[in-house]
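Working notes, structure below.
The values are calculated or read from the model by the stated rules, or taken from the named source; none is laboratory data. Everything numeric in this text was worked out from a predicted model, so none of it was measured. Backbone-built Cβ (ideal geometry, glycine too); neighbour counts: all protein chains shown. Quick note on the areas: whole protein, heavy atoms, side chains included, nothing else; ligands and nucleic acids left out. Shrake-Rupley method; radii C 1.70, N 1.55, O 1.52, S 1.80 Å.
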Amino acid sequence: PVCWLRCLRQMCTRLMRGFVVDGASGSVMDVPVPEPAEGEALVRVLVAAVCATDIEIMKGYMGFKGIVGHEFVGVVETAPASHAHLVGKRVVGDINLCCWDAASCGTCAVGGARARNHCPKRTVLGILNKDGTYCERLTLPVVNLH
């Protein structure tokens, strides 16, 4: 009965379970399901892997606050109309999210796809300013899905 009530509450309030780290402590808690921004897809996480970087972040490395994890396999639940073919597909994701803004720094626009890892304005899934994979759903730009 408790599980059923929790599931009902999550469906009605758009909550999901996530492992949230705050400095060197973490816990599983209800968090809001993320809303995809323009150009992003909502992905249901099927499997998330643990690597040494995740362990270090959970020990306080980089002072990350949020949902950790960056290695996953998921299924696209929603995508922009231009990428509707992704809905229902199994995907993995590139963890580096760059700004793609030629006017701001130009690294990505000039350097192309290989420069994304060096964009000074990037965020990194579950590592730097972007909630990660230790949750039920995540958002990523469709250009990051493979």
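Details
- Meets criteria (at pLDDT 70 or above and more than 13 Å from the chain's Cα centre (by Cα)) for Pro80: yes
- Check on Ala37, at pLDDT below 95 and within 13 Å of Thr139 (Cα to Cα): yes
- Residue in segment 30-49 that is outside any strand (DSSP E or B) and among the charged types (D, E, K, R) present: yes
Here is a yes/no grid of residues against (1) of a type in the set (Val, Ile, Thr); (2) surrounded by 16 or more Cβ atoms within 10 Å (Cβ to Cβ); (3) modelled with pLDDT of 95 or more:
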| position | (1), (2), (3) |
| --- | --- |
| Val92 | yes, no, yes |
| Asn96 | no, yes, no |
| Cys99 | no, yes, no |
| Gly106 | no, no, no |
| Cys119 | no, yes, no |
| Ile127 | yes, yes, no |
| Thr133 | yes, yes, yes |
| Leu145 | no, yes, yes |
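- Scanning segment 50-88 for residues that are in a strand (DSSP E or B), over 13 Å from Phe19 (Cβ atoms) and open to solvent by 20 Å² or more (accessible area, probe 1.4 Å) yields a total of 5.
- Close pairs from segment 21-43: first closer than 17 Å to Asn129 by Cα, partner aromatic (Phe, Trp, Tyr), Cβ under 8 Å, at least 6 apart: Val21/Phe64; Gly26/Phe19
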